[in-house]
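Okay, structure first, notes after.
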Amino acid sequence: MAEPLLLGIETSCDETSAAVLRGPMRLLGHRILTQDVHEVYGGVVPELASRAHLQVIDTVVDSALSEAGVTLAQLDAIGATAGPGLIGALLVGLTWAKAVAYALGRPLVAVHHMEAHLFAASIDDAAAQPPFVALLVSGGHTMLLWVPEWGRYELLGETRDDAAGEAFDKVAKILGLGYPGGPVIQRVAAGGDPGAWAFPRPMLASNQRPGEADYYDFSFSGLKTSVLNRVHHLRAEGAFEGAVPDLAASFQAAVVGVLVAKTMRAVEEKGCRRVLIGGGVAASGPLREALAHALGPGGELYFPSPRLATDNGAMIARAALFHLERGAPGDIAPLDVTARPDMAFPGLVQPC
Ligand code: KG4
Ligand code: ZN
């Protein structure tokens, strides 16, 4: 029997994306439209995001279908992001998917956006399978998970304030570098000295022990404030402009240092030298290099290609395929399912 053909739709934030996926790895069509309307505001404006999704969703889906050379009628199932994310933005994609699932009589999977980020690397790399320690780092979330198998997730730690990507975006704004912050900070940091400023490594102390929440949790808000204070001083001295590359490099090194140290704690505790990263910050070259270095020759690091690291419909289709094939209660959504900005991570288990 042919592998299932799925359509994945993502509209949780500022990317309108649709993908056609055959089985776990054959990405037949994929469109990602990043809304540029937010650039001038230095961050995503929710009302503008919903409107922009609504304007392009039909075209984006049509374009992915025609790239794949398939029609809606050939689909076996549809997956759409149901949360977490911006309510108005989520509703556009989910409602579109519900309507089509109803009209075609096909199953609908209401996908959790962060679970989908876990699946992104496996679309290109068949070896990106559990067990692994997973670091999910996006604009809205920072989560450290132990994943013994798909669908079973032990939450080790998460951020107490800003997400890692959010810290990149806010610091880029402070440095006058624009939005989104991650890619531009990486670019500017390449010309700076990561050791120029000793920014704090928040929530990282050598006296932390397993079992204490601090051991795995993250916090990036104080680091951002620290950069802001430094910028105020440098501006007062008229030395800000020339210091931007060093500031970017030192900030990036602090974030990467904390992410890698906490991930390695999980690697040690679980006795598993396999790490998977997902979410927009997984596109960071310095993060990937530092993790690969920390894991050493005996370790395995899995990460998505840059296009599949940031928000995309392919990972939504891939996560939907998992739920379709598992077929556990709740895996197929009822047609009155609604978008949930605070949707709970599915399959969370207590530490074992
Ligand atoms: O997963 P994603 O596309 O959207 C959310 O689910 O939030 O992640 C977007 C985030 C942004 O904060 C962006 O600054 C960050 O990913 N990002 C990066 C890099 N590329 C994107 N952060 C650090 N380094 C990068 N190269
Ligand atoms: Zn995301």
Problem set entry | Hits in region 244-290 (condition: free of Cβ contacts under 8 Å to residues at least 40 places away in the same chain and touching a Gly at 6+ places or on another chain (Cβ under 9 Å)) | ARG273, ALA290
Problem set entry | region 66-104: number of residues that are assigned to a helix (DSSP H, G or I), in contact with a helix residue (DSSP H, G or I) (Cβ under 7 Å, 6 or more places away or on another chain) and farther than 14 Å from CYS13 by Cβ | 5
Exercise. Any residue in region 107-116 that is among the charged types (D, E, K, R) and surrounded by fewer than 18 Cβ atoms within 10 Å (Cβ to Cβ)?
Worked result: no
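Return the residue satisfying two criteria in turn: it lies in region 1-53 and is open to solvent by 50 Å² or more (accessible area, probe 1.4 Å) and either within 16 Å of ligand 2 (Cβ to nearest atom) or part of a strand (DSSP E or B) (or both), and of such residues it is nearest to MET315 (Cα to Cα).
LEU27
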For this session: Considering only region 197-210, state which residues are open to solvent by less than 40 Å² (accessible area, probe 1.4 Å) and at pLDDT 95 or above.
Result: PHE199
Problem set entry | Extreme residue, modelled with the lowest pLDDT, among residues of region 171-193 that are under 17 Å from VAL227 (Cα atoms) and open to solvent by 70 Å² or more (accessible area, probe 1.4 Å) | LYS173
Problem set entry | Selection from region 117-156 of residues that are assigned to a strand (DSSP E or B), open to solvent by less than 10 Å² (accessible area, probe 1.4 Å) and not aliphatic (A, V, I, L, M) | PHE132, THR142, TYR153, GLU154
For this session: Take the residues in region 71-86 that are of a type in the set (A, V, I, L, M) and under 17 Å from GLY105 (Cβ atoms), then tell me which one is surrounded by the most Cβ atoms within 10 Å (Cβ to Cβ).
Result: ALA80
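One line per residue, one yes/no per condition, for (1) over 22 Å from the mean Cα position of the chain (by Cα); (2) within 16 Å of ligand 1 (Cβ to nearest atom); (3) more than 13 Å from LEU90 (Cα to Cα):
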position: ALA2; (1), (2), (3): yes, no, yes
position: ILE9; (1), (2), (3): no, yes, no
position: CYS13; (1), (2), (3): no, yes, no
position: THR16; (1), (2), (3): no, yes, no
position: ARG22; (1), (2), (3): yes, no, yes
position: THR34; (1), (2), (3): no, yes, yes
position: GLY42; (1), (2), (3): no, yes, yes
position: ASP58; (1), (2), (3): yes, no, yes
Exercise. Which residues, taken from region 283-312, are open to solvent by 50 Å² or more (accessible area, probe 1.4 Å), within 17 Å of VAL184 (Cα to Cα) and outside any helix (DSSP H, G or I)?
Worked result: THR310
Seminar exercise, completed: By residue number, the members of region 321-333 that are open to solvent by 80 Å² or more (accessible area, probe 1.4 Å) and assigned to a loop (DSSP other than H, G, I, E, B) are PRO329
For this session: Kindly list, by first and then second residue, each pair from a residue in region 17-28 that is under 11 Å from LEU321 (Cα atoms) to a residue that is open to solvent by 50 Å² or more (accessible area, probe 1.4 Å), limited to pairs with Cβ atoms under 6 Å and residues at least 6 apart or on different chains.
Result: LEU21/LEU27; ARG22/GLU3; ARG22/LEU28; GLY23/GLU3
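Looking for whichever is on the phi > 0 side of the Ramachandran plot and away from ligand 2 (no atom under 16 Å from the Cβ) here; the options are GLY257, GLY238. Which one fits? If you could, list the steps in order and put the result at the bottom.
Values: GLY257 fails: on the phi > 0 side of the Ramachandran plot.
So the residue among GLY257, GLY238 that is on the phi > 0 side of the Ramachandran plot and away from ligand 2 (no atom under 16 Å from the Cβ) is GLY238.
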Exercise. Just wondering, is there one or more residues in region 175-196 that are away from ligand 1 (no atom under 16 Å from the Cβ) and not in a loop (DSSP other than H, G, I, E, B)?
Worked result: no
Seminar exercise, completed: With the first residue restricted to region 190-203 and required to be closer than 21 Å to GLU158 by Cβ, and the second required to be part of a loop (DSSP other than H, G, I, E, B) and modelled with pLDDT of 95 or more, Cβ contacts under 6 Å at 6 or more apart or on different chains are PRO202/SER219; MET203/ASP217; MET203/SER219
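The values are calculated or read from the model by the stated rules, or taken from the named source; none is laboratory data. Only a predicted model underlies this, so the values are computations on that prediction, with no experimental measurement involved. Ideal geometry is used to build each Cβ from the backbone, glycine not excepted, and the neighbour counts take in all protein chains shown. With ligands, DNA and RNA removed, areas are computed over all heavy atoms of the protein, side chains included. Shrake-Rupley method; radii C 1.70, N 1.55, O 1.52, S 1.80 Å.
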